[in-house]
Amino acid sequence: MLSVYTKTIVKILDGKKIAEEIKLELKAEILEMGKNGMTPGLAVVLVGSDPASRIYVANKKRNCEEVGIKSASYELAENISQSKLMELISRLNDDENIHGILVQLPLPKHIETQKIIEAIDPRKDVDCFHPENAGRLLIGQSARNASRGDADGPRFLPCTPGGILELLKRSNIEVAGKDCVIVGRSNIVGKPLAALLINAGATVTVCHSRTRNLKEKTLRAEILIVATGKAGLISADMVQPGSAVIDVGINRMADGKLVGDVDFENVKNVASAISPVPGGVGPMTIAMLLKNTITAARNLSS
Ligand code: NAD
């Protein structure tokens, strides 16, 4: 008997390439703004000398320069006091050449992170961590509100969740009506992403470290998004054949190699689309930060 063998060709969701396309669009936008005498400015605040944070901050600054955003960096000693840091935030809030303020997390243990986040002018909160912006995100009817700057919608989309939505959109993966499963419930990724996906019309399940029978949930996903920081958590038998898999995790292995939370080599034989690590969500996150800084500059000047 003749057997018919069909091999699925997996689509690699090339975040690096898509982010480059977005950056070209942003560069053109900034050139236009320059004609009206406006240059978006981003303040990047780094406290202490955590090596990973230093790399992230350098990367963000390099990307700003590439598109024409003016970045000002503030590298502060590990033992800076809460009040000194608050003073700096207050100065940046008042500085009209600064449109976005990014405080690189995590902050040292003696600093009350939430107070710092809440001290940032919500109009300059390009990370979208301020409770006012997080609340707007939850209420906002659709991601479209953000680009339109509607009062009832979010001002910005948080960078990583916004980057994931853009990666799906530009890869022609429809979200509306889909069963989406998110693994991870952090304030930075899982929770805001759940809000964004619901607003975009998806049916969303959020799993976390207390979830029982994770595999039963992940197998239901038409779109599976994983943000746990646990290398290899998602194996091929946990993935619905033909689904799209977005890997947010960044894990540095003993040999120095960066990997995600998904067993890429095996899952790519099951999924119809998968984002790699590195080169997937990471560059999209930075592209969204640049986009938010431009949005902030426009909103503040109008
Ligand atoms: P976090 O530590 O705040 O949250 C991790 C989440 O994973 C928690 O909600 C926890 O309940 C869940 N979890 C942990 N173990 C689990 C398990 N065995 N089963 C199910 N759920 C489990 O982390 P975060 O800030 O959301 O970041 C998650 C990962 O994403 C990290 O690797 C981080 O480096 C990466 N990240 C990447 C980007 C990017 O731009 N690519 C941005 C932010 C975070």
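When the listed pairs Lys23/Lys70; Lys23/Lys178; Lys61/Lys268; Lys60/Lys268; Lys70/Lys291 are checked against a 25 Å cut-off, the alpha-carbon distance exceeds it for Lys23/Lys178; Lys61/Lys268; Lys60/Lys268.
For segment 161-282, treating each Cα as an identical point scatterer without solvent, what Debye log10 I(q)/I(0) comes out at q = 0.10, 0.17, 0.22 1/Å? Per q value, in the given order, log10 I(q)/I(0) is -0.25, -0.77, -1.37. Of the GluC sites (Glu not before Pro) found in segment 143-243, those in coil by DSSP whose Cβ has at most 16 other Cβ atoms within 10 Å are Glu174.
For Glu174 and Lys230, FRET efficiency with R0 = 22 Å and r from the beta-carbon atoms, rounded to 0.05? E between Lys230 and Glu174, to the nearest 0.05, is 0.15. Relative to the 2.2 N^0.38 Å rule of thumb, segment 37-124 has a C-alpha radius of gyration ratio of 1.06.
Counting beta carbons within 10 Å around each of Leu26, Leu219 and listing the fewest first gives the order Leu219, Leu26.
A full extension of the chain between Leu300 and Leu138 corresponds to an added length of 56.1 nm, given 0.36 nm per residue minus the alpha carbon distance.
Where in the chain is the longest stretch that carries no trypsin sites (Lys or Arg not before Pro) classed as loop by DSSP and with at most 16 other Cβ atoms within 10 Å? Answer - 8-108.
For the pair segment 16-79 and segment 216-275, the centres of their Cα atoms are 29 angstrom apart.
Note on the chain: semi-axes of the ellipsoid equivalent to its C-alpha gyration tensor, largest first and rounded to whole Å, are 34, 21, 19.
Residue order for Phe129, Phe264, fewest other beta carbons within 10 angstrom first, comes to Phe264, Phe129. Between Lys257 and Val10, the simple label model (points 7 Å from Cα in the Cβ direction) yields a spacing of 1.4 nm. As a calculated quantity, the FRET efficiency between Lys70 and Lys109 at R0 = 30 Å, using C-beta atoms, amounts to about 0.40. Looking at the chain alone, DSSP beta bridges between its own residues are antiparallel in about 5 percent of cases. Among complete DSSP H helices in the chain, those whose alpha-carbon atoms stretch at least 24 Å along the helix's long axis and whose mean Kyte-Doolittle hydropathy reaches -1.0 are 15-35, 51-67, 281-301. Listed from fewest to most Cβ neighbours within 10 Å, the set Tyr56, Tyr74 follows the order Tyr74, Tyr56.
In the chain, Cα pairs under 8 Å separated by at least six residues give a relative contact order of 21 percent. Working note: 222 nm ellipticity from helices only, DSSP H runs with n ≥ 4, each -39,500 (n - 2.57), summed and divided by the residues of the chain, gives -12500 deg cm²/dmol to the nearest 500. Extension gain, Ser186 to Met38: 0.36 nm times the residue separation minus the Cα-Cα distance gives 49.7 nm.
Any read-out appearing in this document is the output of simple, stated calculations on the displayed coordinates, not a laboratory observation. Because the structure is a prediction, the values reported are computed rather than measured. Note that each Cβ is placed from the backbone with ideal geometry, even for glycine, and that neighbours are counted across all protein chains shown.
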